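The values are calculated or read from the model by the stated rules, or taken from the named source; none is laboratory data. Not measured: the values here are computed from a predicted model. So basically every Cβ, Gly included, is an ideal-geometry build from the backbone, and we count neighbours across all protein chains shown.
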Amino acid sequence: NPNNRTARFNFYYVGSLASNTKVGYIVEDGTNTFPDEKGINLEKEGTVGSSNTYIIRVINNSGKSVTVNLGVSVGLDYNDLSLPENGHLFEEITYKGEVGTVVLSNISKDNTYDDGVDTFTTGQYPNNYIWYSGKLWRAVSVNNEEKTVKLVTQWNISTISYDNDSSAFAGSYMEEWLNDTTVDGFLGNLREPEKFIKIDSKWNASMMNDISKPPSEEEGGTIVEDAVGLLNVYEYVMSGDNGSYSVNDLYWWTLTPYDANSLWRMRDDGLKQQSSLDYSCNGVRPAINLKTDVKIVDGDGTIDNPYRLEGDNDTNLEGTLLNTRYSGEYISFGAGENNLYIIVSHETDKLTKITSAEPLKENENYKKLAFGNNSTFSTTSTMGLFLNGEYLTSSNYITNEQASMIEENSTWYLGTVTDKQSYKLAKYTDENMAGYAQSTKAKVGLLRYGELTTGQFDSFNNNSDYWTLSPADKTNAWYEKELGNMSANYGTSNTRGIRPALNLKSNVIITGGDGTLQNPFTLS
């Protein structure tokens, strides 16, 4: 108020909002008085209460530009400044607090759907990105009663066969991989899951030959209790089906069996498809339920500024050992156009296994190379010679300083995995992990079948196929396809992309960054 007496002000927006749009205010320091339909009084200039700050947030989930017209009315403190006929009061938008509240507060009502049990986020462009434990997630739904929030990873974290003889989730390779608490599985590499995740979540894995709502537990549906699951086909449809954010332009498994020998899977174009166990090895997008009391402390839910969770929003990590960090976090490593890597795991005590965020490039094109004369990786095979020779010495790939950070003699497991076999056979002699499979020693290797990050982290038209370390038989090795599924056909003489994997030494420290795609760790 610039005047020498108390005055009344009203601040609002005029006219109707575009569809998939929401406008409101967020409360920060300086917001002393909330908006009121009849306006608010501000004291005279130079006195306490002479100013009030509103931070207006425009939430645009439409995917196109929108215009919001603002209005201001000014009068004396006794004047009636009620909203004009086409004026609308700003409502509060919660941007910090419990995850479910914040997510739904920052999405337009056009982009939600309540089925009576859960409220789903829908549409192509909702601001529902969350960064947790080195992974980019999407908030799919908020449970109306418990207020837990279901998340699914944006990208395919790995690729495996679902099972060998049954489409049931319970007891499958898929259930085992998702809930494996060792270094080889998904749950074992999440940050403090007991703090963030509802460990006893219930997953509806009922067999369905259509996309209707599956029967509940009370109605005789098939319910599996686990910490980690997948989206079922109904949840995918409720998020907006093939026109929604849940389409990631890749192939991936759902939780829903179609019949005893097949499941629903999603294609790159978002269409739903029956996928047989007999020949399918599709991408994995893990799903979790965040606990009710988990809080958002930063971010706005966009892809460039995803929500950050309390307890997983580390800052000032300079001097921290890299081997204390989490699978999926990004690292500034490599040279030129090959300068981004991600953490895979800490498979070897105190070491940090990393891999290139995408297959290697050469002059802006993906570099392609044959695997070798057979499916056994070694330092003398075509692939092994390149990785332990040119890759380490050429300035196109890494610097001399970075090469010195790499452990000299790592173990690379070469277990054979045939169709419809467990991911464990890539590393162990049997599914009970009684002993280790055949291995070799090298400074640089590749990811193996079913290992974390052996997936695709971009849409199919922005990535390449690439070799893995794992044989399917003596003449074929598994490779990840652009579409996010895997194959072991066509021999090892065909050329495919390369994602080097390597172990960084125990003394490598973080010098900057926060491990996100926008601000990867720097190292020394």
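Do we find a residue being in contact with a Phe, Trp or Tyr (Cβ under 8 Å, 6 or more places away or on another chain), among the basic types (Lys, Arg) and not in a strand (DSSP E or B) anywhere in the range 500-518? Checked against the condition, which is being in contact with a Phe, Trp or Tyr (Cβ under 8 Å, 6 or more places away or on another chain), among the basic types (Lys, Arg) and not in a strand (DSSP E or B), the range 500-518 yields no hits at all. Checking each residue in the range 47-67 for being surrounded by fewer than 16 Cβ atoms within 10 Å (Cβ to Cβ) and hydroxyl-bearing (Ser, Thr, Tyr) picks out Thr47, Ser50, Ser51, Thr53, Ser65, Thr67.
Where strands (runs of 3 or more DSSP E) fall wholly inside the range 105-223, the ranges with 1 or more residues that are surrounded by fewer than 16 Cβ atoms within 10 Å (Cβ to Cβ), out of contact with any His (no Cβ under 8 Å at 6 or more places or on another chain) and without any contact (Cβ under 8 Å) to a residue 24 or more places away in the chain are 201-204.
Kindly indicate whether Ser378 is in contact (Cβ under 8 Å) with a residue 24 or more places away in the chain, touching a Ser or Thr at 6+ places or on another chain (Cβ under 9 Å), among the hydroxyl-bearing types (Ser, Thr, Tyr) and farther than 30 Å from Tyr162 by Cβ. For Ser378, the condition - in contact (Cβ under 8 Å) with a residue 24 or more places away in the chain, touching a Ser or Thr at 6+ places or on another chain (Cβ under 9 Å), among the hydroxyl-bearing types (Ser, Thr, Tyr) and farther than 30 Å from Tyr162 by Cβ - is met. Checked against (1) modelled with pLDDT of 90 or more; (2) part of a loop (DSSP other than H, G, I, E, B); (3) among the charged types (D, E, K, R), Asp29 meets all criteria but (1). Give me the residue from the range 250-289 that is within 14 Å of Asp165 (Cα to Cα) and in a loop (DSSP other than H, G, I, E, B) and, out of that set, modelled with the lowest pLDDT. Residue satisfying both the conditions and the ranking: Tyr279.
Would it be correct to say that Glu362 is touching a strand residue (DSSP E or B) at 6+ places or on another chain (Cβ under 6 Å) and among the charged types (D, E, K, R)? In short, no.
Every residue, every condition in (1) assigned to a loop (DSSP other than H, G, I, E, B); (2) modelled with pLDDT of 95 or more; (3) closer than 24 Å to Asn365 by Cα, yes or no:
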| site | (1), (2), (3) |
| --- | --- |
| Asn305 | yes, yes, no |
| Arg308 | no, yes, no |
| Gly311 | yes, yes, no |
| Thr315 | yes, no, no |
| Tyr326 | yes, yes, no |
| Gly334 | yes, yes, yes |
| Glu337 | no, yes, yes |
| Ile343 | no, yes, yes |
| Lys350 | yes, yes, no |
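Each row is one residue, and each column tells you yes or no for (1) more than 35 Å from the chain's Cα centre (by Cα); (2) under 30 Å from Asn128 (Cβ atoms); (3) hydrophobic (A, V, I, L, M, F, W, C).
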| position | (1), (2), (3) |
| --- | --- |
| Ser16 | no, yes, no |
| Lys22 | no, yes, no |
| Ile26 | no, yes, yes |
| Leu42 | yes, no, yes |
| Val48 | yes, no, yes |
| Asn52 | yes, no, no |
| Gly75 | yes, no, no |
| Ser82 | yes, no, no |
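Screening Thr454 on (1) modelled with pLDDT of 95 or more; (2) of a type outside the set (A, V, I, L, M); (3) outside any loop (DSSP other than H, G, I, E, B); (4) out of contact with any Phe, Trp or Tyr (no Cβ under 7 Å at 6 or more places or on another chain) shows it passes everything except condition (3). Out of the residues in the range 238-270 that are aliphatic (A, V, I, L, M) and closer than 18 Å to Gly123 by Cβ, which is surrounded by the fewest Cβ atoms within 10 Å (Cβ to Cβ)? This residue is Val247.
To keep it simple, each residue is scored yes or no on (1) farther than 27 Å from Ser166 by Cβ; (2) surrounded by fewer than 20 Cβ atoms within 10 Å (Cβ to Cβ); (3) out of contact with any Ser or Thr (no Cβ under 9 Å at 6 or more places or on another chain); (4) not polar (S, T, N, Q).
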| residue | (1), (2), (3), (4) |
| --- | --- |
| Leu414 | yes, no, no, yes |
| Lys420 | no, yes, no, yes |
| Phe460 | yes, yes, yes, yes |
| Tyr479 | no, no, no, yes |
| Asn494 | yes, yes, yes, no |
| Asn503 | yes, no, no, no |
| Thr516 | yes, yes, yes, no |
| Ser524 | yes, yes, no, no |
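Take the residues of the range 290-303 that are among the charged types (D, E, K, R) and in a loop (DSSP other than H, G, I, E, B): which is nearest to the chain's Cα centre (by Cα)? Among residues in the range 290-303 that are among the charged types (D, E, K, R) and in a loop (DSSP other than H, G, I, E, B), the one nearest to the chain's Cα centre (by Cα) is Asp300.
So that you can scan it fast, the table gives a plain yes or no per residue for (1) surrounded by fewer than 19 Cβ atoms within 10 Å (Cβ to Cβ); (2) closer than 24 Å to Lys481 by Cα; (3) free of Cβ contacts under 8 Å to residues at least 12 places away in the same chain:
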| position | (1), (2), (3) |
| --- | --- |
| Leu322 | no, no, no |
| Lys350 | yes, no, no |
| Leu360 | no, yes, no |
| Asn373 | yes, yes, no |
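Just one residue in the set Ser82, Ser16, Ser65 is in contact with an Asp or Glu (Cβ under 7 Å, 6 or more places away or on another chain), outside any strand (DSSP E or B), at pLDDT 90 or above and not assigned by TED's automatic domain parsing to the domain that holds Met238; that residue is Ser82. Scanning the range 138-181 for residues that are within 21 Å of Glu98 (Cβ to Cβ) and either of a type in the set (A, V, I, L, M) or in contact with a Phe, Trp or Tyr (Cβ under 7 Å, 6 or more places away or on another chain) (or both) yields Arg138, Ala139, Val140, Ser141, Val142, Val149, Leu151, Val152. Just one of (1) on the phi > 0 side of the Ramachandran plot; (2) more than 19 Å from the chain's Cα centre (by Cα) fails for Gly240. It is (2).
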